[in-house]
Each structure stands twice: as C-alpha cells, then as structure tokens.
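Quick note: the coordinates plus some simple rules give every number you see, no bench work behind them. Keep in mind that this is a model prediction, so the values were computed, not measured. A quick note on method: Cβ atoms are made from the backbone with ideal geometry, for glycine too, and the neighbour counts reach across all protein chains shown.
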Amino acid sequence: GAVVSQHPSWVICKSGTSVKIECRSLDFQATTMFWYRQFPKQSLMLMATSNEGSKATYEQGVEKDKFLINHASLTLSTLTVTSAHPEDSSFYICSARDPRATDTQYFGPGTRLTVL
Amino acid sequence: QKEVEQNSGPLSVPEGAIASLNCTYSDRVSQSFFWYRQYSGKSPELIMSIYSNGDKEDGRFTAQLNKASQYVSLLIRDSQPSDSATYLCAVNIAGNTGKLIFGQGTTLQVKP
C-alpha cells in the first residue's frame, strides 16, 4: 500500500499557542488529502478536505479560522491549530487519496495533541 | 443523512475461528467500499477494498458486497489474537469528492 507520513507524532503545547501538523504522501502524488479528528473511544470525524492548489473544504461545525489547512504541493498538506485550548486535545489523523486506486485513502500515523 | 452502520460489539471469537463483521449503508449510489483495521491508539490501516458484488479474498480476509441489500461484510478466517482491533467500514460518497463515510467500528476480540 501507499505510505503517508505525519509529523509530529505527538505534541504538547500551552493554551493559546498554535501547532502545525504536516502530512506527506511519500510514494504517490495526492491531489486530495483529508484531515480527521478522533476522540477516545469514538470514531473518526472528518474535519476538512484539502485540495492541492485550492482552499480547503470544511465540514459543518469545523471552524476554518481555527483549523488552517494548506495544501501547497501534491505531497504535502498542513493543519495548523490556532490558539489551541484544552478541548482541542485529540488525535489528529490525515489521509491521502491515492489517484491510482478509486477513492482509496491511506492514513498517516496520526498526531496526538495535548493542550495544557 | 447518509449513514454507515456497524454493530459496535465487542465481538468475541476464539482463536482459530471465523470472525464475521457486518456493515450496512444507506446511500444506494455508493460504489466503493473499504474495511480498515485500527489498533488502539493507532491510525486506521487499509485491509480491503471492494467495488463489485460478490466476494473478494485476500489471504485470511474475505470481503463480501451485496449492493441490492446494501451491506458489506468482512470475514476473517483462522482468527488470531493479533486480529483483535476495531474494524471500520467505509463507503464513498457519490460525486467524486473522494470523501468516505465511516461507521462507528466493530471491536473484535480474539481469545487465545
């Protein structure tokens, strides 16, 4: 399968600071990437769809000014959590759509964010 | 509201048995179906994709799709304790957005 990396794997920050998470497709070009959030014992929640060269599409209820997404190249998308608060603490996971396999998404290893 | 539904479980099977995981979906025009495995604290890992009615086998895994009845299932033969995980069913949203809808997941416990 295709390989997607994410960095950092975990981060601890103080309330009010911003955190940037990177998602890279390592062996294919991904025109579309997705950002999910998962709270303990819950399923994946899609936050936004990131398309290379255009603005991200956010799901209902997700604040686009708080969760900034940039997809500047075919292999890199970034999620910046701005002015983080303890309630933003969660497991953030990106996925990349493999254009060689219909609708198939490959997930990165995830980033565990803890906001103090 | 387009939905994907799974029994949350836990589904408990003895080692060596067949585990059967089921998923139903509401959108009749969905064309792509996926099973992901997620270990606790980890991200989902793709196990199988299936696009046509019938069975698709890959090693100990068999995915079954019935579009008329709107269900997709995953069979795991010769279950091993290492198969203990949450299994997520995912279905595409029509319209070439690439978006998938995920079920809540079924927790499988394989007991030695």
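Across A:L46, A:L68, A:L26, mean-square fluctuation computed from a Gaussian network of chain A (C-alpha pairs under 10 Å connected) peaks at A:L26. Farthest toward the positive end of the dipole of the protein assembly as shown, out of A:T111, B:S49, A:F28, is the Cα of A:T111, where the dipole comes from beta carbon charges about the Cα centre.
Amide H contacts under 5 Å for B:N7: B:N22, restricted to partners 5 or more places along the chain or on a different chain, H placed in the peptide plane at 1.01 Å from N. With each label modelled as a point 7 angstrom along the Cα→C-beta vector, the B:E45-B:T97 pair spans 3.0 nm.
For the range A:42-88, relative contact order (Cα pairs under 8 Å, six or more residues apart, normalised by length) works out to 28 percent.
If you keep only loop residues by DSSP, which trypsin sites (Lys or Arg not before Pro) in the range B:25-66 have at most 16 other Cβ atoms within 10 Å of their Cβ? Within the range B:25-66, the qualifying trypsin sites (Lys or Arg not before Pro) (loop, at most 16 other Cβ atoms within 10 Å) are B:R28, B:K42, B:R60.
Among the cysteines of the protein assembly as shown, those whose beta-carbon sits 4.7 Å or more from every other cysteine beta-carbon are A:C13.
Taking only alpha carbon atoms, the protein assembly as shown gives an Rg to Rh ratio of 0.98, where Rh is the Kirkwood radius. A:V3 sits among other residues whose Cβ lies under 12 Å from its own Cβ, and their net charge, with Lys and Arg +1 and Asp and Glu -1, is -2. Here the dipole of the range A:47-116 is about 160 debye; that uses its Cα centre as origin and unit charges on the Cβ of Lys and Arg (positive) and Asp and Glu (negative). Calculated on the Cα set of chain A, radius of gyration then Dmax: 13.3, 41 Å. The charge dipole of chain B, taken about the Cα centre with unit charges on the Cβ atoms of Lys, Arg (+1) and Asp, Glu (-1), comes to about 180 debye, rounded to the nearest 20.
For the range B:64-112, the Stokes-Einstein estimate of translational diffusion at 4 °C and a viscosity of 1.567 mPa s comes to 101 µm²/s, using the Kirkwood hydrodynamic radius over alpha-carbon pairs. Compare A:T17, A:T102, A:T32 in a GNM of chain A, Cα atoms joined below 10 Å, and give the one with the largest fluctuation. Looking only at A:T17, A:T102, A:T32, the largest GNM fluctuation is found for A:T102.
In this Cβ point-charge picture (+1 for Lys and Arg, -1 for Asp and Glu), the protein assembly as shown has a dipole of about 260 debye about its Cα centre.
Sequentially through the range A:46-54, phi angles give Karplus couplings (6.51, -1.76, 1.60; θ = phi - 60°) of 5, 9, 6, 10, 10, 10, 4, x, 9 Hz, Gly and Pro residues having no value and appearing as x. Charge tally around B:N53: other residues with Cβ under 15 Å, Lys/Arg +1 each, Asp/Glu -1 each, net +1. Out of every Cα-Cα pair that the range B:20-105 contains, those further apart than 16 angstrom amount to 50 percent.
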